[in-house]
Amino acid sequence: MNFDTIIIGGGMAGLSCALRCLEAGLKTAVIASGQSALHFSSGSIDVLAKTPSGEPVSNPMTCIETFAKAYPNHPYATLGKETVERAIDWYRNTLSAIGVPLTSQKNGLNHYRLTPLGTMKSTWLSQPFVHQFPMDLEKNKTQKMVLVTIDGFRDFQPKLAQDNLKQLTQLSALEITTANISLSAFNEIKRNHCELRSIDLSRLLSKRAHRQELAYALQQHAQPGDLVVIPSIFGNGTGLTYLREIEQLTKLTLCEVPTMPPSLLGIRLEESMKHAFIELGGTMLNGDHVVQGEFSYVDKTDPEHSHYRLNRIFTKNHGDFPLQAKHFVLATGSFFSQGLKATVDSMIEPIFGLDIAQSDKRTDWYNHDFFSAQSHPFLNMGIETTAKFQAIKSGHVIDNLYCAGAILSGYNPILEGSGSGVAISSGFHAAESIIDQLKPSYSSTNNNIKAEVAL
Ligand SMILES: Cc1cc2nc3c(=O)[nH]c(=O)nc-3n(C[C@H](O)[C@H](O)[C@H](O)COP(=O)(O)OP(=O)(O)OC[C@H]3O[C@@H](n4cnc5c(N)ncnc54)[C@H](O)[C@@H]3O)c2cc1C
């Protein structure tokens with residue numbers, strides 16, 4: 001099989017890159033061996049909540065402007081503010097066109113979202129039913145919050161969230177109550193209620209009668225004007241429609257909180273992107289695993305200094321039948337998704353054996369204090385690339401293999417709250433580099449994904 005671009009990895013970075021390539025008319029394939037980090041994510045887009053040295057950031061875009069000097073190895077320093085801004089804008093427009101509108105604060109500041117543990121986390125873009133609290137929590141206008149869960153659902157515990165919220169002195173004027181509601185629909189589930197996961201509830205709530213029962217139960221515990229916090233139990237596609245329907249029925253203001261995995265808010269993003277990719281003509285190879293690639297020298301007369309070219313890749317399912325493309329993108333994530341692996345004494349990139357920015361001593365990989373505010377150095381490690389994010393193997397640049405997302409070195413998505421921001425902007429950047437070479441007349445300001453994708 002022959003493509004313009006093959007993207008290895010179906011997470012935020014790979015899918016952003018894939019949609020952008022497809023939009024420019026490139027014949028594009030995505031190979032994804034398994035679930036991405038989105039299945040564990042809040043579904044909000046973190047761009048930058050803290051600098052790498054731990055300073056809180058209120059306006060990510062202005063902060064990125066000064067990155068190149070202070071943190072020259074950070075992906076944002078290489079990408080630059082203009083590319084990051086353009087990529088995030090493009091992503092927001094694209095997601096809106098495919099049915100998941102994402103919004104930020106009009107003043108350009110981060111906002112707080114509520115976590116299932118009742119803490120506040122700073123982020124940049126959120127989905128429609130994720131309540132955006134101001135960074136100055138004292139300016140919060142909500143007077144009463146009702147934390148609701150479903151009887152037997154273990155992945156959101158309102159009392160725990162309530163206790164933690166009460167520790168926030170800035171919210172001392174906020175009245176917080178909890179409610180546990182039972183739904184007869186669950187009698188349909190034969191197994192133990194304590195095994196209920198968000199995905200099971202989502203299936204049940206696809207029936208209108210069950211949603212009406214939920215709406216009625218919510219009205220017993222809250223009044224219009226209250227902020228009603230419910231675990232994210234509405235799935236992809238129709239999920240947002242159902243939430244709108246319940247708001248209309250009850251006149252309540254709903255707020256979804258992500259649950260323990262599987263997180264439907266994150267899955268909603270992944271499924272919407274995959275669905276759009278397939279609808280628009282992309283080739284999605286789910287459940288296949290890339291195992292190796294075949295390279296050649298660009299300049300055969302000077303192998304020592306020559307660049308490499310990746311000609312074709314081999315996968316578990318396709319065995320001896322390789323997949324070919326003009327350009328490849330590696331977006332296989334970090335240790336979490338096995339894009340990187342650790343052996344006893346080194347870290348490796350398991351598909352191509354790419355060069356990794358790592359410390360030689362294993363003791364330098366982690367912090368002795370497990371809960372240290374400094375985080376663990378291994379989270380900053382990843383593959384080395386050129387300034388154009390091309391991969392490097394044994395010192396040779398691979399001209400047509402771009403890298404994007406959590407596999408990159410030089411940043412810590414967890415400490416900084418920059419995971420989706422780096423994934424989207426590096427995926428977008430990889431796509432733009434490929435488009436520049438294959439479709440030079442394609443305008444970089446085009447944003448062609450229309451609402452024609454039926455969710
Ligand atoms: C638990 C957790 C929660 C997070 N929560 C948030 C959040 O709320 N907001 C936020 O902005 N960021 C969050 N992040 C960070 C952010 O999600 C990640 O940084 C970002 O999504 C990484 O995307 P990615 O596409 O680079 O990698 P991943 O999402 O890890 O995707 C990698 C993909 O590559 C595939 N793959 C791996 N190896 C192969 C192979 N050999 N062949 C084929 N496919 C392969 C995997 O199956 C997967 O599909 C979170 C991260 C984690 C770990």
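The values are calculated or read from the model by the stated rules, or taken from the named source; none is laboratory data. Because the structure is predicted, anything quoted here is derived from the model rather than measured. Quick reminder, even Gly has a Cβ in these numbers, built from the backbone with ideal geometry, and neighbours come from all protein chains shown.
For this structure, a couple of remarks:
- Criterion applied to Ala222, Ala161 was being crowded, with 18+ Cβ neighbours inside 10 Å, of a type in the set (A, V, I, L, M) and within 19 Å of Leu117 (Cβ to Cβ), and the one residue passing it is Ala161.
- Residue list for segment 297-314, restricted to those being of a type outside the set (Phe, Trp, Tyr) and either modelled with pLDDT of 95 or more or within 16 Å of the ligand (Cβ to nearest atom) (or both): His307, Arg309, Leu310, Asn311, Arg312, Ile313
- Leading residue by the ranking (surrounded by the most Cβ atoms within 10 Å (Cβ to Cβ)) among those in segment 7-51 that are part of a loop (DSSP other than H, G, I, E, B) and hydrophobic (A, V, I, L, M, F, W, C): Val47
- The residues in segment 330-346 that are small (Gly, Ala, Ser), without any contact (Cβ under 8 Å) to a residue 60 or more places away in the chain and part of a loop (DSSP other than H, G, I, E, B) can be counted, and the count is 1.
- Screening Ile414 against (1) in a helix (DSSP H, G or I); (2) more than 16 Å from the chain's Cα centre (by Cα) leaves a single unmet condition, (2).
- Cβ separations smaller than 6 Å between residues 6+ apart or across chains give the following pairs from segment 25-51 residues that are under 19 Å from Cys255 (Cα atoms) and in the same structural domain as Val290 (by TED's automatic domain parsing) to residues that are near the ligand (Cβ under 6 Å from one of its atoms) and of a type in the set (Ser, Thr, Tyr): Ile45/Ser420; Asp46/Ser420.
- Tally, over segment 33-60, of residues that are farther than 24 Å from Trp90 by Cβ, within 6 Å of the ligand (Cβ to nearest atom) and touching an Asp or Glu at 6+ places or on another chain (Cβ under 7 Å): 1
- Single condition Leu438 does not satisfy, out of (1) out of contact with any Asp or Glu (no Cβ under 8 Å at 6 or more places or on another chain); (2) within 21 Å of Cys21 (Cα to Cα): (1)
- Consider segment 385-408 and keep the residues that are part of a loop (DSSP other than H, G, I, E, B) and surrounded by fewer than 20 Cβ atoms within 10 Å (Cβ to Cβ). The one that is farthest from the ligand (Cβ to nearest atom) is Gly395.
- Residue within segment 369-376 that is under 23 Å from Ser16 (Cα atoms) and in a loop (DSSP other than H, G, I, E, B) present: no
- Residues in segment 263-296 that are under 22 Å from Ser198 (Cβ atoms), within 14 Å of the ligand (Cβ to nearest atom) and not in a strand (DSSP E or B): Ser263, Leu264, Leu265, Gly266, Ile267, Arg268, Leu269, Glu270, Glu271, Met273, Lys274.
- Selection within segment 134-181: residues that are among the aliphatic types (A, V, I, L, M) and assigned to a loop (DSSP other than H, G, I, E, B). The member of this set that is farthest from Ser42 (Cα to Cα) is Ala173.
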